[in-house]
Amino acid sequence: MTVDPYGDERLVELYDEDNSAGADHEYFLKLADGAKKVVDFGCGTGLLTRAFAQPGRVVIGVDPSATMLGYARRQPGAEAVTWIDGDADAVAPAGDADLVVSSGNTMMHISTGDLPWVLEKLAAALKAGGVLSFETRNPAARAWEQWGPDATYGERDTPIGHLKEWMEVTEVDNGRVVFDAHNVFEDGVDTVLTTTLYFRTAGELRTQLEKAGFGKIDLYAGWHEQPLADDSRLFVVRATKAG
Ligand SMILES: C[S@@+](CC[C@H](N)C(=O)[O-])C[C@H]1O[C@@H](n2cnc3c(N)ncnc32)[C@H](O)[C@@H]1O
């Protein structure tokens, strides 16, 4: 079962403001140059998904969060995208996509047990030579150590009122990190969204991608193809389906 940590309408309304288009979007959009079919896996609010849309290109956005996808469907330009409620099981194994992307660390939501079949499903959506690309955080950089209440506490005025917010990590176990995101609007109610993320090493990523049928696997330390270092914060993954 997929638990929806994005189930609060007010927070989904703020999501795009907090996660605006940046170098990540530029990178994924450039990868789509010449693509006739693009699948955005875990598309969320669809900000990037809608940017892929252009005449002659099929764009599909898939996400299991009804709240996220509901928001995506209401945005200007949403009609240019086919939106699908669901997880990787809902991605058609059509073998004709040029590109599958998964932005915003979505692949970190996939559990260790699910990763093999999820990658196989994404591979099955692609044509031979098609590309899967996503980013994921490097466990060696231990980002979760910065996610305590003191370091993350903030207050701000939003279009839907004053918000106090902070994070608290509740479990760390061999790359599996569970944290609570606390959100208190003016009504004083603490809306707690619990998320589990899976941090994977470069070696683990390569092994799983190879098993799923990807041939050439490139990992970079950022959106401009920076070479990996031991303490790279991010892995930007680009895997090509074997022919
Ligand atoms: C941080 S958001 C990223 C959304 C979007 N890709 C972006 O870049 O803004 C993570 C997304 O992953 C989705 N997600 C969580 N579990 C998933 C799963 N098992 N399969 C596909 N998507 C999932 C969530 O619903 C959420 O929309």
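The values are calculated or read from the model by the stated rules, or taken from the named source; none is laboratory data. What you see is a predicted model, and the numbers here were worked out from it, not measured in a lab. Cβ sites come from the backbone with ideal geometry, for glycine too, and all protein chains shown count toward neighbours. We work out accessible area using only protein heavy atoms, side chains counted, and drop any ligands, DNA or RNA first. Shrake-Rupley method; radii C 1.70, N 1.55, O 1.52, S 1.80 Å.
What number results when the radius of gyration of the chain, computed over Cα atoms, is divided by 2.2 N^0.38 Å? It would help to have the intermediate numbers written out before the result.
Numbers: Rg = 17.8 Å, N = 243, 2.2 N^0.38 = 17.7 Å.
In units of the globular-protein estimate, the chain measures up at 1.00.
Considering only DSSP beta bridges where both residues belong to the range 47-204, give the percentage that are antiparallel (nearest 5). Intermediate results must be reported in sequence, preceding the final value.
Numbers: 23 of 32 bridges.
That works out to approximately 70 percent antiparallel.
Along the charge dipole of the chain, Cβ charges K/R +1 and D/E -1, which of LEU219, ALA124, ASN174 sits furthest on the positive end?
Comparing the listed Cα positions along the dipole, ALA124 ranks first.
Treat each spin label as a single point 7 Å out from the Cα along the C-beta direction, and report the TYR153 to SER111 distance in nm.
3.4 nm
Probe of 1.4 angstrom, ligands and nucleic acids ignored: what's the accessible area per residue over the chain, in square angstrom?
On the way: 11470 Å² over 243 residues.
Result: 47 Å² per residue.
For LYS121, give me every one of the lysines with a C-alpha distance below 27 angstrom, ignoring sequence neighbours fewer than eight places off in its own chain.
LYS30, LYS36, LYS37, LYS211, LYS216, LYS241
Find how much the distance from ALA92 to ASP231 grows on full extension, using 0.36 nm per residue of separation minus their present alpha carbon separation; answer in nm with one decimal.
Details: separation 139, 0.36 × 139 = 50.04 nm, distance 3.66 nm.
Working it through step by step, the gained length comes to 46.4 nm.
Once you put a point 7 Å from the Cα of THR196 and another 7 Å from the Cα of LYS36, both along the Cβ direction, what distance in nm separates them?
4.1 nm
About its Cα centre, what dipole magnitude does the chain give when the only charges are +1 on Lys and Arg Cβ and -1 on Asp and Glu Cβ, stated in debye to the nearest 20? Kindly include the intermediate steps, with their values, before the conclusion.
Details: 22 positive and 39 negative charges, 270 e Å.
In debye, rounded to 20, the chain gives about 1300.
Could you order GLU204, GLU26, GLU135 so the one with the most accessible surface comes first? Probe is 1.4 Å.
Working: GLU204 90, GLU26 125, GLU135 10 Å².
Descending accessible area places them as GLU26, GLU204, GLU135.
Before rounding to the nearest 500, sum -39500 (n - 2.57) across all DSSP H runs of length at least 4 in the chain and divide by the residue total; then give [θ] at 222 nm in deg cm²/dmol. Before the final figure, lay out each step's value.
Working: 7 runs with 59 residues, N = 243.
Theoretical 222 nm ellipticity from helices: -6500 deg cm²/dmol.
About its Cα centre, how strong a charge dipole does the range 1-49 have in debye, to the nearest 20, once Lys and Arg get +1 and Asp and Glu get -1 at the Cβ? All intermediate terms of the calculation are to be shown ahead of the outcome.
Numbers: 4 positive and 11 negative charges, 83 e Å.
Here the range 1-49 has a charge dipole of around 400 debye.
Using alpha carbon coordinates only, what is the Rg to Rh ratio of the range 140-197, with Rh defined as the Kirkwood radius? The partial results should precede the final answer.
Working: Rg = 12.7 Å, Rh = 12.2 Å.
Looking at the range 140-197, the ratio lands at 1.04.
Any chance you could run the full-extension gain for GLN75 through GLU186? It's 0.36 nm times the residue separation minus the Cα-Cα distance, nm to one decimal. Spell out each step's value before the answer.
Values: separation 111, 0.36 × 111 = 39.96 nm, distance 2.65 nm.
Gain on stretching GLN75 to GLU186: 37.3 nm.
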